[in-house]
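Report on the structure given below.
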């Protein structure tokens, strides 16, 4: 009904705006504002009901949790563990909370019929909470270590695959020289990259003779003519 009312007011405004005086327009604006505020209130209420239903499910799953503390007055319960998370509710008084989880500065909490996330700055710390934090932080450190280890394994596997490709392409003897940082006249740009890595910057010029490039490293200058090394300075 509210949507129909707003549409009706907008149609009336479009049809009759030329014949309206200022006071009528102000009244129309006031009516539209009231309708919009009512709709926003309805949306907020729906969001709150959704949060209640989600909280009920979470509380059922966490019914055996015995870790509790108190949240300070003014604390925000959010829908996600991040600074930009939407606020579900603001506590108007100090509340006992059930602590379910912790990650990156935010507790997963439940209080009364609401569950969500709360910055650890709002939570009063006691011995059990500090022990819980220590365990969670150790878990997170271990998880990061495992993730880094996994990334290193992937990189190592990719490097081994790349080495096989270069050995097949240039031969073991030439590849060994490249790995030791050698460079010589006639090598191509890929070989130079294997030997010295990517240059700090490249100066390129194009003319009737082809493409000329100067690769600049720290104290080393390589000069390529049509992708072949023709001279160098060091």
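Every number here is computed from the coordinates shown, using simple stated rules; none is lab data. Being a predicted model, the structure only gives us computed values, none of them experimental. So basically every Cβ, Gly included, is an ideal-geometry build from the backbone, and we count neighbours across all protein chains shown.
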- [ ] List 142, 163 from most exposed to least, where exposure is judged by having the fewest other Cβ atoms within 10 Å.
- [x] 142, 163
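Let me check against my output: what whole-number percent is the relative contact order of the stretch 172-233, with C-alpha pairs under 8 Å and at least 6 apart? Present the calculation step by step, with values, prior to reporting the outcome.
Values: 92 pairs, mean separation 17.1, N = 62.
So the answer I get is 28 percent.
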TODO: Sort largest first and round to whole Å: the equivalent ellipsoid semi-axes of the stretch 91-234, each the square root of five times a Cα gyration tensor eigenvalue.
DONE: 59, 20, 13
TODO: Would you mind computing, in nm to one decimal, how far apart the modelled labels at residue 218 and residue 22 are, each placed 7 Å from Cα along Cα→Cβ?
DONE: 7.3
Open item on the list: Can you give me the distance in nm between label points at residue 234 and residue 112, each placed 7 Å from the Cα along the Cα-to-Cβ direction?
Closed with: 7.4
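Using a 10 Å cut-off around each Cβ, can you sort 91, 99 from fewest to most neighbouring Cβ atoms? Mind showing how you got there, number by number?
On the way: 91 19, 99 24.
Lowest count first: 91, 99.
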Open item on the list: Taking the number of other C-beta atoms within 10 Å as the exposure measure, put 101, 21 in order starting with the fewest.
Closed with: 21, 101
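Quote the FRET efficiency, to the nearest 0.05, computed for residue 163 versus residue 127 with a Förster distance R0 of 41 Å and r equal to the Cβ-Cβ distance. Mind dumping the intermediate values first?
Working: r = 53 Å, r/R0 = 1.30.
Rounded to the nearest 0.05, the efficiency is 0.15.
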- [ ] Give the calculated FRET efficiency between residue 134 and residue 156 to the nearest 0.05, with a Förster radius of 30 Å applied to their Cβ-Cβ distance.
- [x] 0.40
Open item on the list: Give me the percent relative contact order of the stretch 89-234, please, defined on Cα pairs under 8 angstrom at least 6 residues apart.
Closed with: 11
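Where does the stretch 62-158 land on the Kirkwood hydrodynamic radius, alpha-carbon pairs, in angstrom?
Hydrodynamic radius (Kirkwood, Cα only) of the stretch 62-158 equals 14.6 Å.
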TODO: Report the extension gain between residue 86 and residue 141 in nm, rounded to one decimal, defined as 0.36 nm multiplied by the number of residues separating them, less their alpha carbon distance.
DONE: 17.0 nm
Task: Pair-distance profile P(r), taking every C-alpha pair of the stretch 172-233, with 5 angstrom steps and integer % - done: 4, 19, 31, 25, 13, 6, 2, 0
